Amino acid sequence: MKRNDVELFDNLPLYKGGNAVDEVFNCGAGLAVETDNATEEDSFLKCVENTTSDEFLRYCKELEASGLILDYSDDNADLLCREYYSEKLRAIVYMYYSVAQQCTRIILDRSSVRYNEFCSSSRKDTQDSTALMQFGLYYSTMIKGDTCDCGMFYAVRLRDNSLLLVDGGEHEQATELAIEEVIRCLRHMTGANEGEKMVISAWFCTHNHDDHMDVFAKLIKFHSDIFDVRRVMFNFPSKTLLDYTNTCTERMKTRLHEYYPNAMYKKLHTGQKFTISNAEFEVVTTHEDILPDAFDEERLYRGMNETTTVLKITFDNQSLLLLGDSEDRNGEAIRRNYANRGLSCTYLQAAHHGINRVENIYSFVKAEKVLMPECRFINERSQKENFAVLCRYNNLENVFFAGDCTRIFTVKDGETSTEYFPIVGYHYDGSEY
């Protein structure tokens, strides 16, 4: 950690009470392309342990007295959350207090736009329903350059007829036929005609693995004339703390800069709540909840999967809980963050394509239906024991596999109808991605 990065916190009042952790953690950049070194967009986190809610609230008053502008506030039985803007630092100061941990986390966010700017929209409602799509990717044995056994892609069409896109499959699944089918399904959801642009209100990525962004990266490069991307949101860890060698993240960020330079970015933090059109977003947990605890003496994280951001999206009295590739430590954070409130949803996205057991999540979250981003054969055979754990807490009849088909659930007047479309794409066709 560079000394001048640590000194950024010297521009804030001193937190009085508790025990400040000596280390200041680099929490990653926003849309800046990372190298092995820090970027000017990197966010930094400081933890204060063994503190109280009263000490947290007193610190909030000190920040406001020092000139910081309060943009967002939310208190509940598990978390106290504040988002400030510092004109001096030209950065967001996001803080949250965990009741279960008696810990305050202070995040200096240098990449996000301000809260109200990110949520603002001039679009009007033109639809009387909301639709959720689980896109049917082609799953098979993992053979590099041919087929893939993971990946996931979801979309929500809002009442203002814009789209929320979530993740995207591996490049082996991004065949020309599959991409054409994605576009056809999105046109079907929005009613957009040929030549008419579709507005992507936001793209959310759970974590930076290629099977969660390659399809999206291909869409925005080769079909930028079809889509208008307004917002991007994720929270990836810094390469200085968790090195990764795949190029998918750099490719995605470079293309966003090239084709959608005006897209707004928001680095998501635990406890944030905001609204876009008729969708309400709630950040359940991020990799920042894992800090300052280290996995072992050498590593803070076990791997990229446990840096997943878990997000809940609510629309028309239904909700989708996105677990990404969550692991047990994510489950521990979820249970802490909702210990007094509990957590429920209509649709629960099964963690890590059914590969992770995460019984601490499945036993805690009350879900009506499960969306499985995998094919039935792989989960019932290769992941048989993990699938049995999932079914211990959820009815098998309410588990919907992305490998079966594309499903579009449309909610109108409190009733849900379902449309089905066959899988398109199959083995990788060698097309550019």
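The values are calculated or read from the model by the stated rules, or taken from the named source; none is laboratory data. Note that the structure is predicted; figures quoted are calculated from it, not measured. Virtual Cβ from ideal backbone geometry, glycine too; neighbours counted across all protein chains shown.
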task = Scan the range 291-315 for residues that are closer than 17 Å to I107 by Cβ and either part of a helix (DSSP H, G or I) or among the acidic types (D, E) (or both) and jot them down.
result = D293, T307
query = Which number in (1) in contact (Cβ under 8 Å) with a residue 40 or more places away in the chain; (2) in contact with a strand residue (DSSP E or B) (Cβ under 9 Å, 6 or more places away or on another chain); (3) assigned by TED's automatic domain parsing to the domain that holds E415 marks the one condition that R157 misses?
reply = (1)
key: the range 71-122: number of residues that are more than 19 Å from the chain's Cα centre (by Cα) and of a type in the set (F, W, Y)   = 4
ask   = Do the conditions hold for L291, that is, is it touching a Cys at 6+ places or on another chain (Cβ under 8 Å) and either surrounded by fewer than 23 Cβ atoms within 10 Å (Cβ to Cβ) or in contact (Cβ under 8 Å) with a residue 60 or more places away in the chain (or both)?
value = yes
ask   = When the range 160-173 is examined, which residues are found to be in contact (Cβ under 8 Å) with a residue 60 or more places away in the chain, crowded, with 21+ Cβ neighbours inside 10 Å and more than 18 Å from D225 (Cα to Cα)?
value = V166, D167, H171, E172, Q173
task = Would you please name the residue that is farthest from N161 (Cα to Cα), looking only at residues in the range 370-415 that are among the aliphatic types (A, V, I, L, M) and surrounded by fewer than 16 Cβ atoms within 10 Å (Cβ to Cβ)?
result = A388
task = Run down P237, P261, P292 and say which single residue is closer than 28 Å to Y97 by Cβ and more than 19 Å from the chain's Cα centre (by Cα).
result = P292
request  = Filter the range 182-207 down to residues that are of a type in the set (G, A, S) and within 25 Å of the chain's Cα centre (by Cα) and give me whichever is surrounded by the most Cβ atoms within 10 Å (Cβ to Cβ).
outcome  = A202
key: Considering residues of the range 325-357 that are of a type in the set (D, E) and surrounded by fewer than 23 Cβ atoms within 10 Å (Cβ to Cβ) only, the residue nearest to T307 (Cα to Cα)   = D328
ask   = Among Y96, Y72, Y84, Y59, which is assigned to a helix (DSSP H, G or I) and touching a residue at least 12 places away in the same chain (Cβ under 8 Å)?
value = Y59
message = Of everything in the range 241-264, what is among the hydroxyl-bearing types (S, T, Y) and surrounded by 19 or more Cβ atoms within 10 Å (Cβ to Cβ)? Give them in sequence order.
response = T249, Y260
task = Kindly establish whether N278 is surrounded by fewer than 24 Cβ atoms within 10 Å (Cβ to Cβ), assigned by TED's automatic domain parsing to the domain that holds Y393, out of contact with any Pro (no Cβ under 9 Å at 6 or more places or on another chain) and over 30 Å from C148 (Cβ atoms).
result = yes
remark   = Contact list, first residue from the range 319-337 and within 22 Å of A77 (Cα to Cα), second anywhere and at pLDDT below 95 and among the hydroxyl-bearing types (S, T, Y), beta-carbon distance below 9 Å, six or more apart or interchain, is R329/Y301
ask   = Could you say which residue among F236, F227 is buried (at least 23 other Cβ atoms within 10 Å of the Cβ) and touching a Lys or Arg at 6+ places or on another chain (Cβ under 9 Å)?
value = F236
task = Check N379, N394 and return the single one that is farther than 23 Å from I179 by Cβ and at pLDDT 95 or above.
result = N394
message = When you check S431 against the structure, is it polar (S, T, N, Q), out of contact with any helix residue (DSSP H, G or I) (no Cβ under 6 Å at 6 or more places or on another chain) and surrounded by fewer than 18 Cβ atoms within 10 Å (Cβ to Cβ), yes or no?
response = no
query = Going through the range 344-357 one residue at a time, which ones are under 30 Å from G414 (Cβ atoms) and assigned to a helix (DSSP H, G or I)?
reply = A351
request  = For the range 189-201, indicate whether the set of residues that are within 28 Å of N379 (Cβ to Cβ) and either assigned by TED's automatic domain parsing to the domain that holds H287 or among the basic types (K, R) (or both) is non-empty.
outcome  = yes
ask   = Which of (1) surrounded by fewer than 21 Cβ atoms within 10 Å (Cβ to Cβ); (2) at pLDDT 95 or above is the odd one out, the single condition F153 does not satisfy?
value = (1)
inquiry  = Here is a list: R335, R329, R341. Which entry is outside any helix (DSSP H, G or I) and of a type in the set (K, R)?
reply    = R341
